[in-house]
Amino acid sequence: MDGEFAVFLIGMRVNRLWAVHQWLPVAAAMPRMLRELYARPELGLLSHEMWFSRTAVLVQYWRSLDALLAYATARDSAHLPAWQAFNRAVGVDGRVGIWHETYLARPGSYENVYVNMPAFGLGKAGTLVPARAGWQSARGRLHGGEG
């Protein structure tokens, strides 16, 4: 990746399985947002990965923190109405939990390696390059091949 980028982890936890009327709309909101984001690459989403269980986890890679924050607050995006609907329908009653974490990654502050893997995670968001002299270790990758 060139320059800074943002990593956004977001998820939902079903606390009361029988409260389908509350957690299903929350679960259905994210695919709508992802369709919107991939249809409009100028919004800044680079890639994502998703896992489902009692706690669903979505990892998103964004071009910048500013792009992520702009999308989160844009009145014409799918996010803001979904967030408002969650607060009206669920609020803090405990039946459905949501969470998120945001990380700003700067050059030299992250590393990744993929062995016998297709492009995945950050490897899908950026450009994969083969390991070469100095890049075979995490230390080397974190220090730009000098480690």
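Given the -39500 (n - 2.57) contribution per DSSP H run of 4+ residues, what per-residue ellipticity at 222 nm results for the chain, rounded to the nearest 500 deg cm²/dmol?
It comes out at -9500 deg cm²/dmol, rounded to the nearest 500.
Tell me, in nm to one decimal, what length is gained between R32 and S53 on full extension, where the rule is 0.36 nm per residue of separation less the Cα-Cα distance?
5.6 nm
How big is the charge dipole of the stretch 44-136 about its Cα centre, in debye rounded to the nearest 20, if each Lys and Arg gets +1 on its Cβ and each Asp and Glu gets -1 on its Cβ?
Result for the stretch 44-136 is approximately 60 debye, rounded to the nearest 20.
Compute the longest continuous run of the chain that contains no exposed trypsin sites (Lys or Arg not before Pro); treat a site as exposed when its DSSP state is not H, G, I, E or B and it has at most 11 other Cβ atoms within 10 Å.
76-131
For all pairs of alpha-carbon atoms in the chain, what percent lies in each bin of width 10 Å, listed from the first bin to the last filled one?
10, 35, 30, 17, 7, 1
Go ahead and collect, in residue order, the members of the stretch 19-34 whose backbone nitrogen is under 20 Å from a label point 7 Å along the Cα-Cβ direction of R88.
20-33, by backbone N distance to the label point.
Count charges around V7 for me, please; just the other residues with Cβ under 14 Å from its Cβ, Lys/Arg as +1, Asp/Glu as -1.
-1
Which one of A74, A29, A125 has the biggest mean-square fluctuation once the chain is modelled by GNM with Cα springs under 10 Å?
For the chain, modelled as a Gaussian network with Cα springs under 10 Å, the answer is A74.
First measure r as the distance between the Cβ atoms of R13 and Y110, then evaluate 1/(1 + (r/R0)^6) with R0 = 25 Å and state the FRET efficiency to the nearest 0.05.
The formula returns an efficiency of 0.40 here.
Set the Förster radius R0 to 25 Å, insert the Cβ-Cβ distance between A131 and A70 as r into 1/(1 + (r/R0)^6), and round the FRET efficiency to 0.05.
0.10
Between W23, V7, F52, whose Cα lies farthest towards the positive end of the dipole of the stretch 1-73 when Lys and Arg beta carbons carry +1 and Asp and Glu beta carbons carry -1, centred on the Cα centre?
Positive-end residue among those listed: W23.
Y103 versus D2, label points 7 Å from Cα toward the beta carbon: distance in nm?
A separation of 2.4 nm, rounded to one decimal place.
Please compute the per residue accessible area over the chain with all protein chains in place, 1.4 Å probe, rounded to a whole number of Å².
For the chain, the per-residue accessible area is 63 Å².
The values are calculated or read from the model by the stated rules, or taken from the named source; none is laboratory data. The model shown is predicted, which means the values in this text are computed figures rather than measured ones. All Cβ positions, glycine included, derive from the backbone under ideal geometry; neighbour counts span all protein chains shown. To get the accessible areas, we keep the full protein, side chains included, count just its heavy atoms, and leave off ligands, DNA and RNA. Shrake-Rupley method; radii C 1.70, N 1.55, O 1.52, S 1.80 Å.
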